[in-house]
Amino acid sequence: MSSSLTTTKDNSIKTNNLENTPTPNLWISWNENVQHRYSELMDITSEEQLRDVIAKSKSVRVFGNRYSSSDISAGTDTLINIEQYNKIVNINPKNKEITVQPGITLENLILEAQNQGWCIPCLPDIDKVTIGGALATGTHGTNGFILAKYVSKFRMVLADGTVKDYTDADAEMDALRLSLGTLGVFSAITFK
Ligand SMILES: Cc1cc2nc3c(=O)[nH]c(=O)nc-3n(C[C@H](O)[C@H](O)[C@H](O)COP(=O)(O)OP(=O)(O)OC[C@H]3O[C@@H](n4cnc5c(N)ncnc54)[C@H](O)[C@@H]3O)c2cc1C
């Protein structure tokens, strides 16, 4: 396991809206309606780091671009920022599947799908959300379905740091489609 996990330099999150006035150890949502203290902030860029921090932490909360207006990520000592864990992992033209890391924005997922001649038939109002954040919170859109309807596989990091892959053949799949981060952390997501 990697030991290269880092807390951001001043121990504060780089916020879009308060970039020039960082307050140490204060998490702030996009519209500033949710704020809470934390002890430790981990910026992760790999599954190895994600597993490492989850295995070593008593409890964690994960966040992406902080557009959720609820206090779902409040009150936990260790926060994991997945914003930079945001690559496209695989494209399978035969099955029309695209696998991404959870920090990718909906915008970048849509662009890559378009490059393949595909589309995502359900879009929310904004495309700046991360896929991890959007799926966890049941984000829904234009056609009335949740975005997670179009997910065929989830790769999850569980509470002990182990990894488990789920497909439509697994009974847990529908629960994972709207789990509010309670069933583990998305490490990779395959859309079909
Ligand atoms: C202007 C605006 C318009 C919106 N429009 C819509 C809309 O049209 N339809 C709709 O349904 N919603 C809409 N939303 C809500 C939005 O889609 C959700 O709040 C979404 O969670 C935001 O994504 P995020 O990356 O900012 O998530 P964050 O706010 O960063 O995270 C939300 C929660 O998701 C969980 N989570 C994040 N990453 C992971 C992960 N990798 N694994 C497991 N759990 C994780 C955590 O519990 C976290 O607290 C809108 C929000 C805003 C601000």
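Just so it is clear, none of the values below were taken in a lab; they were calculated from the coordinates. Keep in mind the model is a prediction, meaning the values are calculated, not measured.
The angle between the Cα long axis of helix 47-56 and the main principal axis of the chain comes to about 50°, on a 0 to 90 degree scale. Taking the chain as the region of interest, the number of lysine pairs whose Cα atoms are within less than 22 Å, with members eight or more places apart or on different chains, is 24. DSSP finds beta bridges in segment 43-130, and of those with both partners inside it, around 50 percent are antiparallel. Angle of helix 106-115 to the longest C-alpha principal axis of the chain, folded into 0 to 90 degrees and rounded to 10: 30°.
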